[in-house]
1. Six or more apart or on different chains, Cβ under 6 Å: which pairs go from a residue in region B:16-31 that's under 10 Å from B:CYS71 (Cβ atoms) to one that's within 8 Å of ligand 2 (Cβ to nearest atom) and open to solvent by 30 Å² or more (accessible area, probe 1.4 Å)? Could you list them?
2. Go through region B:60-89 residue by residue and tally those that are near ligand 1 (Cβ under 9 Å from one of its atoms) and open to solvent by 70 Å² or more (accessible area, probe 1.4 Å).
3. So which residues in region B:16-26 are assigned to a loop (DSSP other than H, G, I, E, B) and more than 7 Å from chain A (Cβ to nearest Cβ), if there are any at all?
4. Kindly evaluate B:LEU103 against the criterion of being under 15 Å from the mean Cα position of the chain (by Cα) and more than 11 Å from ligand 1 (Cβ to nearest atom).
5. Restricting to region A:4-26, what's the tally of residues that are farther than 13 Å from A:VAL62 by Cα and open to solvent by less than 60 Å² (accessible area, probe 1.4 Å)?
6. Of all residues in region B:20-59, how many are of a type in the set (Val, Ile, Thr) and more than 20 Å from A:LEU124 (Cα to Cα)?
7. Given the condition within 10 Å of ligand 2 (Cβ to nearest atom) and within 14 Å of chain A (Cβ to nearest Cβ), answer yes or no: does some residue in region B:78-86 qualify?
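The values are calculated or read from the model by the stated rules, or taken from the named source; none is laboratory data. This is a predicted model, so every value here is computed, not measured. For neighbour counting, all protein chains shown are included, and Cβ atoms are generated from backbone atoms with ideal geometry for every residue, glycine included. Remember, those area values only see protein heavy atoms, side chains included, never the ligands or the DNA or RNA. Shrake-Rupley method; radii C 1.70, N 1.55, O 1.52, S 1.80 Å.
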Amino acid sequence: MIADDMLEVAVAEWAEAAREARDGGLPFLELLTVVDRGDELDVVARMSDASGRLSLGLMTRVAADAPRIESLAAVLPAASWHEREVAEMFGVVFDGHPDPRPLLLRGTAGAPPLRRGTPLAVRLERAWPGEVEPASRRRSRQQLPPGVRPEWLPGGSA
Amino acid sequence: MTAPTPHHFIALIEDACTSCLICVQECPTWCISLDSHHEEVSEPGARRPRTVSVLDDFRIDYGLCMYCGICVDLCPFDALEWRPRVGYQAEGRDDLVHDIARLDGGTSDG
Ligand code: SF4
Ligand code: SF4
């Protein structure tokens with residue numbers, strides 16, 4: 001179970017924790033990503049052994065307004081692409097990354113697409129096919145269509 | 001619990017659909033849409049006519065669908081079901097929108 005073996009570490013110990021896991025028999029990086037919690041971002045990595053049967057999750061938190069963390073690329077070269085993707089999708093800066101170019105996108109103009117606060121333009125431009133009443137008559141956030149967050153709307157708050 | 005079925009295509013069982021819009025409203029990618037209208041039916045012996053919803057068209061945009069199965073799970077009338085079917089290549093983007101005529105996949109058995 002992922003929840004049982006998730007080790008939370010301080011941001012300052014992030015790279016050291018990955019090094020210890022690598023040297024302790026978990027040399028493969030399976031995943032490195034971010035979960036947007038609002039005020040904070042969870043940075044999550046999962047490392048495994050050669051058989052893939054043993055694995056460990058590492059987790060740390062960074063502030064959402066200025067997310068910064070040490071790159072794992074020096075410890076685990078495989079982290080390089082994952083970090084480039086997380087950088088462009090979530091706006092996280094990886095200190096010491098050897099090649100911080102965008103991986104998939106040409107540029108995100110300061111609006112990382114996978115952050116919850118970044119409006120998904122197509123959701124605002126297109127009419128929701130499930131509309132039965134005019135949008136102006138919707139009373140609460142429960143009535144927002146799926147995939148639309150209240151803070152994207154004029155006068156909305158998080 | 002049902003046995004896992006292949007994630008191929010979602011078939012619409014037209015006669016079971018009541019146009020209730022639940023699938024349309026719950027689909028996270030907004031890829032289902034439908035048109036319907038109301039009709040009055042008078043039944044012999046009934047005191048007044050009944051209003052029924054008649055489905056005119058039902059579309060799934062397979063260019064957006066992520067095969068999450070939420071629509072299939074939530075339909076209260078079992079009008080959507082997974083059906084193994086291959087050959088969903090399309091000439092273009094618009095061709096990935098399957099309308100009511102294509103949603104039984106020509107393999108409908110019900
Ligand atoms: S499978 Fe998911 S994405 Fe596809 S039509 Fe159903 S609810 Fe929408
Ligand atoms: S949820 Fe089922 S019955 Fe309701 S509109 Fe969708 S397919 Fe039809």
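1. B:ILE22/B:LEU74; B:GLU26/B:LEU74
2. 3
3. Within region B:16-26, the first condition is being assigned to a loop (DSSP other than H, G, I, E, B), and the residues that meet it are B:17-21.
Hits for region B:16-26 are B:CYS17, B:THR18, B:SER19, B:CYS20.
4. Details: under 15 Å from the mean Cα position of the chain (by Cα): yes; more than 11 Å from ligand 1 (Cβ to nearest atom): no.
Considered against the rule, which asks whether it is under 15 Å from the mean Cα position of the chain (by Cα) and more than 11 Å from ligand 1 (Cβ to nearest atom), B:LEU103 comes out as no.
5. The initial filter retains those residues of region A:4-26 that are farther than 13 Å from A:VAL62 by Cα, namely A:4-7, A:15-26.
So of that shortlist, the ones also open to solvent by less than 60 Å² (accessible area, probe 1.4 Å) come out as A:5, A:15, A:17-18, A:21, A:25-26.
Total meeting the criteria: 7.
6. Here is the first cut: in region B:20-59, the ones of a type in the set (Val, Ile, Thr) are B:22, B:24, B:29, B:32, B:41, B:51-52, B:54.
Of the ones still in play, those that are also more than 20 Å from A:LEU124 (Cα to Cα) are B:22, B:41, B:51-52, B:54.
Within region B:20-59, residues that are of a type in the set (Val, Ile, Thr) and more than 20 Å from A:LEU124 (Cα to Cα) number 5.
7. No; the residues of region B:78-86 include none that is within 10 Å of ligand 2 (Cβ to nearest atom) and within 14 Å of chain A (Cβ to nearest Cβ).
So that you can scan it fast, the table gives a plain yes or no per residue for (1) open to solvent by 60 Å² or more (accessible area, probe 1.4 Å); (2) under 26 Å from B:ARG59 (Cβ atoms); (3) within 14 Å of another protein chain (Cβ to nearest Cβ):
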site: A:PHE90; (1), (2), (3): no, no, no
site: A:PHE94; (1), (2), (3): no, no, no
site: A:HIS97; (1), (2), (3): no, no, no
site: A:LEU104; (1), (2), (3): yes, no, no
site: A:THR108; (1), (2), (3): no, no, no
site: A:LEU120; (1), (2), (3): yes, yes, yes
site: A:GLU125; (1), (2), (3): yes, yes, yes
site: A:PRO129; (1), (2), (3): no, yes, yes
